[in-house]
1. Give the carbon-plus-sulfur fraction of the accessible surface of the chain in %, rounded to a whole number; probe 1.4 Å, heavy atoms of protein chains only.
2. When the chain is treated as a GNM, springs tying every alpha-carbon pair under 10 Å, which of L108, L65, L42 comes out with the largest mean-square fluctuation?
3. I want to check a number: in the chain, how many lysine pairs have alpha carbons closer than 30 Å, given a sequence separation of 8 or more or different chains?
4. Among [x] 43.3, 119; [y] 16.4, 70; [z] 17.8, 66, find the value of Rg and Dmax of the Cα atoms in Å that was calculated from the structure presented, and write down its label.
5. In deg cm²/dmol, rounded to 500, what helix-only [θ] at 222 nm does the chain give when every DSSP H run of at least 4 residues adds -39500 (n - 2.57) and the total is split over its residues?
6. Scan the chain and report its longest stretch carrying no chymotrypsin sites (Phe, Trp or Tyr not before Pro) that are both in a DSSP loop and have at most 15 other Cβ atoms within 10 Å.
7. Given a 1.4 Å probe, how much area per residue of the chain is accessible, in Å²?
Amino acid sequence: MKIFCLYLLIGLSTVVAKTTILTLPLFHGIFYDLLIPLVVFLSLSLPNRTSVSVVVILGLIMDLLSGGIFGLYLSIYFWMFLSTKSLSKCFDVGKTIFQSALIGVCVLGQHVVFWASVAPPWKGAQLLATQTGTVLLQTFFAALTGPGILMLLGRLETRFQAPSSGAGRETREVAIR
């Protein structure tokens, strides 16, 4: 339950930062959806019940706060979760290059779904042409920063799963030496 609450709070903090700070003109077009590395991490490292619950709750919250098509974020995050789960059975997910490519593809896929669901058919090519640079920049930035975010989330998980008693602290100190 502690891990569920931890990642739910991390996700909520990310949603608040995304909807307030990252919408400022200074950050426009640079930052990608920072919940994507969280969804990838949850699908790779937590049990299915816990991770699906967090992904669904965060998807619903993003749908409520985004003002867009209801269910779009929920479905994107859910399909990212399922795709990552199935790819982790076929590939070595511990490698940084795989994590980088996976997060980059997820960001690119999210933009494609947004474009396909929002753009009217007669203006789709124009919208795609104007957004190509931004999408490629965000995909590249996600591929660079994604593995670092996954590593940070992994360290948070090990810190919160460690026993809080004095004996646990001694065991960790011996393991570090």
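1. On the way: 7450 of 10560 Å².
Taking all protein chains in place, the chain shows 71 percent carbon and sulfur surface.
2. Evaluated over the chain, the most mobile residue of the options is L65.
3. 8
4. Step by step, Rg and Dmax of the Cα atoms in Å for this structure corresponds to label [z].
5. When only DSSP H runs of four or more count, the value is -27000 deg cm²/dmol.
6. Details: sites that count: F70, F91.
Result, exposed sites excluded: 92-177.
7. Values: 10560 Å² over 177 residues.
Per-residue accessible area for the chain comes out at 60 Å².
The values are calculated or read from the model by the stated rules, or taken from the named source; none is laboratory data. All values derive from a computational prediction rather than experimental measurement. Methodologically, a virtual Cβ is constructed for each residue, glycine included, from the backbone with ideal geometry; neighbour enumeration extends over all protein chains shown. Each accessible area value is taken on the protein alone, full model and side chains, heavy atoms only, with ligands, DNA and RNA left out. Shrake-Rupley method; radii C 1.70, N 1.55, O 1.52, S 1.80 Å.
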